[in-house]
Ligand SMILES: Cc1cc2nc3c(=O)[nH]c(=O)nc-3n(C[C@H](O)[C@H](O)[C@H](O)COP(=O)(O)O)c2cc1C
């Protein structure tokens with residue numbers, strides 16, 4: 001078997017799009033098991049949110065191992081990305097917090113650091129923001145109830161700023177993830 005290429009998949013603390021994303025993760029893991037070694041990196045809040053949405057067990061079933069943020073450089077993802085150990089970095093879903101930090105060049109968390117350092121060495125970065133365009137979004141709470149959330153102009157502006165960055169590809173929905181994998185096969 002040829003050597004599988006590594007992919008870093010970051011999960012931030014987002015309830016929005018998390019269910020659909022985890023479903024796609026399972027599909028990508030299975031479909032590309034011979035080509036790609038998907039390594040999952042979870043922000044501290046991501047870890048909490050997966051628990052709230054009862055998805056921690058599902059993640060453990062899909063992946064033998066995942067890596068949870070200790071700080072910006074532990075686990076040492078940014079360095080590995082700069083050393084070109086990863087084919088690409090995908091952050092999905094991406095909170096408005098992580099989007100804003102990348103937009104403003106604040107690299108103080110595991111995934112913002114990985115993205116910003118990765119941009120400096122031209123590793124492709126794919127980002128799926130929860131707050132994509134200005135307006136009202138209906139999101140599902142961990143208890144199954146709906147909550148209407150306002151996507152602010154400021155958050156939408158940060159998304160636009162990311163879209164203007166080199167080697168940075170911003171997309172809206174989890175069903176666009178398979179195309180990213182197809183592109184890199
Ligand atoms: C249950 C739950 C759901 C959340 N969903 C979202 C969300 O959909 N979008 C978002 O931007 N933040 C959401 N948050 C807030 C983030 O987790 C919070 O801003 C955190 O600081 C993000 O950190 P991170 O970007 O490093 O993961 C949620 C928080 C909780 C507890």
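When you check residue 75 against the structure, is it within 13 Å of the ligand (Cβ to nearest atom), touching a strand residue (DSSP E or B) at 6+ places or on another chain (Cβ under 7 Å) and closer than 15 Å to residue 8 by Cα, yes or no?
So residue 75 fails the test.
Which of (1) in contact with a strand residue (DSSP E or B) (Cβ under 7 Å, 6 or more places away or on another chain); (2) under 24 Å from residue 27 (Cα atoms); (3) within 9 Å of the ligand (Cβ to nearest atom) is the odd one out, the single condition residue 142 does not satisfy?
Looking at each condition in turn, residue 142 falls short on (1).
Within the stretch 105-121, count every residue that is away from the ligand (no atom under 14 Å from the Cβ) and surrounded by 11 or more Cβ atoms within 10 Å (Cβ to Cβ). Reasoning before the result, please.
First, pick out the residues of the stretch 105-121 that are away from the ligand (no atom under 14 Å from the Cβ): 105, 117-121.
Adding the requirement that they be surrounded by 11 or more Cβ atoms within 10 Å (Cβ to Cβ) leaves 117-121.
Number of matching residues: 5.
Could you list, in sequence order, the residues of the stretch 59-80 that are part of a strand (DSSP E or B) and surrounded by 14 or more Cβ atoms within 10 Å (Cβ to Cβ)? Break it down into steps so the answer makes sense when it comes.
Initially, the stretch 59-80 is screened for residues part of a strand (DSSP E or B), giving 67-68, 71, 74.
Within the stretch 59-80, 67, 68 meet the criteria.
Of everything in the stretch 10-58, what is assigned to a helix (DSSP H, G or I), touching a helix residue (DSSP H, G or I) at 6+ places or on another chain (Cβ under 8 Å) and over 16 Å from residue 91 (Cβ atoms)? Give them in sequence order.
Those that are assigned to a helix (DSSP H, G or I), touching a helix residue (DSSP H, G or I) at 6+ places or on another chain (Cβ under 8 Å) and over 16 Å from residue 91 (Cβ atoms): 23, 26, 27, 29, 31, 56, 58.
Can you name every residue in the stretch 81-105 that is within 25 Å of residue 32 (Cβ to Cβ) and not in a helix (DSSP H, G or I)?
Within the stretch 81-105, 83, 84, 85, 86, 87, 88, 89, 90, 91, 92, 93, 94 qualify.
Tell me which of these residue 97 doesn't satisfy, since it passes every other one: (1) within 14 Å of the ligand (Cβ to nearest atom); (2) without any contact (Cβ under 8 Å) to a residue 60 or more places away in the chain; (3) under 19 Å from residue 173 (Cα atoms); (4) surrounded by fewer than 22 Cβ atoms within 10 Å (Cβ to Cβ).
(2)
Somewhere in the stretch 113-122, is a residue closer than 28 Å to residue 5 by Cα and out of contact with any helix residue (DSSP H, G or I) (no Cβ under 8 Å at 6 or more places or on another chain)?
Yes: one or more hits.
Read-outs: derived from the displayed coordinates by stated rules, not from any lab. Everything numeric here is computed off the predicted structure, so don't read it as measured data. Cβ coordinates were reconstructed from backbone atoms using ideal geometry, including for glycine residues, and neighbour counts include every protein chain displayed.
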